[in-house]
1. Any residue in the range 224-234 that is open to solvent by less than 30 Å² (accessible area, probe 1.4 Å), closer than 24 Å to Ala168 by Cα and either touching a residue at least 40 places away in the same chain (Cβ under 8 Å) or not assigned by TED's automatic domain parsing to the domain that holds Pro261 (or both)?
2. For Ala51, indicate whether it is under 23 Å from the mean Cα position of the chain (by Cα), within 8 Å of the ligand (Cβ to nearest atom), of a type in the set (Gly, Ala, Ser) and surrounded by fewer than 17 Cβ atoms within 10 Å (Cβ to Cβ).
3. Out of all the residues in the range 74-83, is one or more assigned to a loop (DSSP other than H, G, I, E, B), open to solvent by 20 Å² or more (accessible area, probe 1.4 Å) and more than 19 Å from Gly136 (Cα to Cα)?
4. Report, by residue number, each residue of the range 106-135 that is under 14 Å from Ala159 (Cα atoms) and of a type in the set (Lys, Arg).
5. In the range 1-24, which residues are more than 13 Å from the ligand (Cβ to nearest atom) and modelled with pLDDT under 95?
6. Given the residues Val71, Val27, which is the only one that is in contact with an Asp or Glu (Cβ under 6 Å, 6 or more places away or on another chain), assigned by TED's automatic domain parsing to the domain that holds Leu131 and surrounded by 15 or more Cβ atoms within 10 Å (Cβ to Cβ)?
Amino acid sequence: MARIAFIGLGNMGGGMAANLVKAGHEVTAFDLSEAALAKAGDNGCARASSAAEAVENAEAVVTMLPAGEHVREVYESSVLGHALTTAILIDCSTIDVATAREETQKADAAGYRMVDAPVSGGIAAADAGTLTFMVGGSGEAFERARPILEKMGKTVIHAGGAGSGQAAKICNNMLLGASMVATCETMVLAQKLGLDPQTFFDIASRASGQCWSLTSYCPVPGVGPATPADRDYEGGFAAALMLKDLRLAMEAARSVDSYTPMGSAAEELYTRFAEGLGGSGKDFSAIIRMIDDSWIAR
Ligand code: NAD
């Protein structure tokens, strides 16, 4: 079993670190939040008083931080040059592709092996240890990170070289955001044309319009399997996080001059919903309320 430093024990990191402890690893945790750190302590992690202290003597360092700037700050002030160069560095945060590549280059230059390993699956999957990891980095770094990631997830996929995990994550979420908007406007139109929503769901789920946003995550309450729509759009994947990922996708698209008309429409719509209409805390499928004008009045 390994000595693991875990930095960033928020909604996602808390459950992930707890699963590493359950698997028998010795986890030393650090977070700027006292509440997050106290919870990690209750879950069996040792508490460190700084990120630099947490990484001392660690065989693996896992970070689960909000965004690229936090990852850069933690890596450059407390990980590189502080951890043993034999430690495998695993960043599970969702961040921009450029920062992921830059930090891997800096880690390489300092003699470390590093992977970017963002996740698909929300807080429930983090707690249950059923996340999907998309991993960028060398084959050697991937093989060293894999056994640790397997204790926190059910699927671990090597996406390619440095930054490829982040690229896969934001491409997947751009597709998801755009397909959710398309599903919402389709369900609203079907209803306005007099179709019963469940009947249309049954048809489209078996026809060529089938997609995950419709069949597995239907945004209409009472239609299809149980989803956040049935709980007033609470829980699930917050619209604010979808917007974050769409912005990362658009930034990445601009960096390689890729034309993404549907992605940019989704970004604009989620900006309006999350920031203009106060929907940021709701599940991302709640955007149907903005698309169906009759819902806005409710
Ligand atoms: P969160 O805000 O709940 O947790 C982040 C934690 O990092 C906080 O506890 C914060 O105090 C800590 N932190 C920030 N700066 C720090 C520093 N310099 N040193 C130590 N700790 C620091 O966020 P989350 O929901 O756990 O998300 C973490 C990452 O996972 C994000 O990149 C997010 O996009 C991604 N993600 C989240 C979900 C989700 O459903 N919440 C799903 C998939 C991916």
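1. First pass over the range 224-234, keeping only residues open to solvent by less than 30 Å² (accessible area, probe 1.4 Å): 227-229, 233.
With closer than 24 Å to Ala168 by Cα added as a condition, the list becomes none.
No, the range 224-234 contains no residue that is open to solvent by less than 30 Å² (accessible area, probe 1.4 Å), closer than 24 Å to Ala168 by Cα and either touching a residue at least 40 places away in the same chain (Cβ under 8 Å) or not assigned by TED's automatic domain parsing to the domain that holds Pro261 (or both).
2. On the way: under 23 Å from the mean Cα position of the chain (by Cα): yes; within 8 Å of the ligand (Cβ to nearest atom): yes; of a type in the set (Gly, Ala, Ser): yes; surrounded by fewer than 17 Cβ atoms within 10 Å (Cβ to Cβ): no.
No; evaluated as a whole, the condition is false for this residue.
3. Initially, the range 74-83 is screened for residues assigned to a loop (DSSP other than H, G, I, E, B), giving 80-83.
Adding the requirement that they be open to solvent by 20 Å² or more (accessible area, probe 1.4 Å) leaves 80-82.
Those still in the list that are more than 19 Å from Gly136 (Cα to Cα) too: 81-82.
Yes, the conditions are met somewhere in the range 74-83.
4. Of everything in the range 106-135, nothing turns out to be under 14 Å from Ala159 (Cα atoms) and of a type in the set (Lys, Arg).
5. Result: Met1, single match.
6. Details: Val27 fails: in contact with an Asp or Glu (Cβ under 6 Å, 6 or more places away or on another chain).
One residue alone meets the criteria, Val71.
The values are calculated or read from the model by the stated rules, or taken from the named source; none is laboratory data. The structure presented is a predicted model; accordingly, all values stated were derived computationally and were not measured. Virtual Cβ from ideal backbone geometry, glycine too; neighbours counted across all protein chains shown. Side chains are part of the model used for accessible areas, which takes the heavy atoms of the whole protein and leaves out ligands, DNA and RNA. Shrake-Rupley method; radii C 1.70, N 1.55, O 1.52, S 1.80 Å.
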